[in-house]
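Notes follow once the structure below has been shown.
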Amino acid sequence: MSMMTRYEQEPAARLGVPTGALLDALHDALISERKLLDDLIGQMRRQRTAVASDDIESVNESTFATHRILATLGQARTRRRQLNILLGGSEECTLRELEDMLGDQVETRLSDARLRLTQAADLLTREVGMNRKLLREALTNTDQHVRTLVGAPAVPSTYATEGVAAPTSGASRGVLVNRTA
């Protein structure tokens, strides 16, 4: 056997998985990511309901579920980045860029999966924004409620924000200093 024969066989062995199988794997990855985003959307809604009904246990459960989903989503995104590389793109290649690069090889189902993933991501962004706003309001209301219960001032007493605090009446100024001097 000559060296030329061995060399000619090596490139065939390097081809590995056909592009069709890679596109199927990419489609599955997009569907998996979208399902995970849908699960996150459900958790955001569950969390809002729990906050509105003062159900601390459900808030905690939804928070832990969110962390688990985010960990799985991180793994799914790693898988997609690996597929991007195998399909000829870079790790950070966007789905639209990958579609443009692959051209006619991209089927309608892959474009639909990309679109649905993008829509789910947009919806999740809105849901997270609503939760942040609701949680901020809930914290403010709880803070005001606690201040009312303990008789604390409505505004926390801190250093003056304008640089100088307004002087109090001069009657009790220096009493402690005068008594100890």
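Details
- Sparsely packed loop sites in the stretch 26-72 (the GluC sites (Glu not before Pro) outside DSSP H, G, I, E and B with at most 10 other Cβ atoms within 10 Å) do not occur.
- This model, with +1 at the C-beta of Lys and Arg and -1 at the C-beta of Asp and Glu, gives the stretch 16-152 a dipole about its Cα centre of some 360 debye.
- With K and R counted +1 and D and E -1, the other residues having a Cβ less than 15 Å from that of residue 40 yield a net charge of +4.
- Whole-Å distance, taken between Cα centres, linking the stretch 18-85 and the stretch 115-149: 18 Å
- The stretch 16-152: equivalent-ellipsoid semi-axes (sqrt of 5 x gyration tensor eigenvalues, Cα, Å): 42, 13, 12
We did not get these values from a lab; they are worked out from the coordinates using the rules stated. Fair warning: this is a prediction, and the values are worked out from it, not measured in the lab. As a convention, Cβ positions derive from the backbone with ideal geometry for all residues, glycine included, and neighbour counts pool all protein chains shown.
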